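Working notes, structure below.
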Amino acid sequence: ARALILNGGGKDGAVACEIAKQLGLDLTWCSLTGREIRRKVARVSGVDKYLEIERIPTNMGVLPKRYAGHKPMSMFVAMVSALIAYLDGQKYIIAANEYSANFPNVEIDGQAINHQYTKSVENEVAMERLFDHAGIPIRYFSITRPLYELQIMKIFARYPIYHHEFISCNQGLADGIWCLQCPKCAFVVGALYIFDQASAESVWGPKTEVYSNK
């Protein structure tokens with residue numbers, strides 16, 4: 001079966017790719033907005049097919065101001081990739097969302113809020129119902145859904161081919177660098193040191209200091 005695999009340039013997508021390869025799927029990488037780091041991850045994965053979708057900014061529908069806070073980009077990525085999959089005759093869209101994304105992380109006025117709802121299994125089920133209702137023969141799912149972040153990192157540590165090519169830092173992704181200042185860097189760097197110290201040292205050095213700004 002043919003499948004699009006979403007590529008954010010990080011460890012999660014690399015792990016999703018390696019799991020999907022073992023299932024014998026006919027894979028095509030799908031990257032929304034071109035980043036060299038995403039191309040590097042795709043090249044070392046051994047998956048030759050690669051789609052890159054660029055957004056073209058327009059003045060239509062521009063909000064009067066830019067709102068701060070979490071932006072559910074994963075939903076935008078899911079819907080755009082669904083359109084691409086439908087046009088290209090793909091059957092599956094493979095994401096790499098972790099188990100912990102299923103749960104709320106804050107309560108406001110008695111209402112439980114999950115800021116990662118668009119990465120949750122509940123959202124996947126809603127999308128499946130929507131596609132079925134519309135007669136769209138596409139299945140969107142996260143292949144890493146049963147895994148916590150540490151379990152994903154443990155698997156990622158087994159694939160050193162990616163260790164010098166990936167960036168799991170939202171702050172530095174556009175420039176292809178690790179900011180080493182954000183909580184995400186703190187987790188990724190620390191976790192890889194735990195599971196593969198030698199490889200981590202080859203990427204960041206033996207005395208990497210990562211500071212959280214929160």
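The values are calculated or read from the model by the stated rules, or taken from the named source; none is laboratory data. Keep in mind it's a predicted model, so treat the numbers as computed, not measured. Backbone-built Cβ (ideal geometry, glycine too); neighbour counts: all protein chains shown. These accessible areas exclude ligands, DNA and RNA; they are computed on the full protein's heavy atoms, side chains included. Shrake-Rupley method; radii C 1.70, N 1.55, O 1.52, S 1.80 Å.
Of note:
- Our estimate of slack between E107 and T208, defined as 0.36 nm per intervening residue step minus the Cα-Cα distance, is 32.8 nm.
- Accessible solvent surface per residue of the chain, calculated while the other protein chains remain in place, 1.4 angstrom probe, Å²: 57
- Pairs beyond 18 Å (Cα-Cα), from K119/K154; K21/K49; K11/K119; K71/K154; K154/K184: K119/K154; K71/K154
- With the simple spin-label model, which puts each label point 7 Å out from Cα in the Cβ direction, the R129 to D48 separation comes to 4.2 nm.
- Largest mean-square fluctuation among M79, M153, M127, in a Gaussian network model of the chain whose springs join Cα atoms under 10 Å apart, belongs to M79.
- Note on I161 and R55: with the Förster distance fixed at 22 Å, the Cβ-Cβ geometry gives a FRET efficiency of about 0.15.
- At least 15 Å along the helix axis (C-alpha) and Kyte average at least 1.0, DSSP helices within the chain: 73-88, 183-195
- Ratio of Rg to Rh for the chain: 0.97 [Cα atoms; Kirkwood radius as inverse mean 1/r over pairs].
- Peptide ranges 193-203, 40-50 listed from the most packed, as the mean C-beta count within 10 angstrom indicates: 40-50, 193-203
- Cα-centred dipole magnitude for region 123-186, charges only on beta-carbon of K, R (+1) and D, E (-1), debye, nearest 20: 200
- Solvent-free Debye scattering, log10 I(q)/I(0), computed from the Cα coordinates of region 118-197 at q = 0.19, 0.20, 0.21 Å⁻¹: -0.90, -0.94, -0.98
- Portion, in percent, of the accessible area of the chain that falls on carbon or sulfur, probe 1.4 Å: 56
- Under 18 Å from a label point set 7 Å out along the Cα-to-Cβ vector of Y86, the amide N atoms of region 130-174 belong to 130-141.
- Exposure ranking of F166, F141 by accessible area [1.4 Å probe, largest first]: F141, F166
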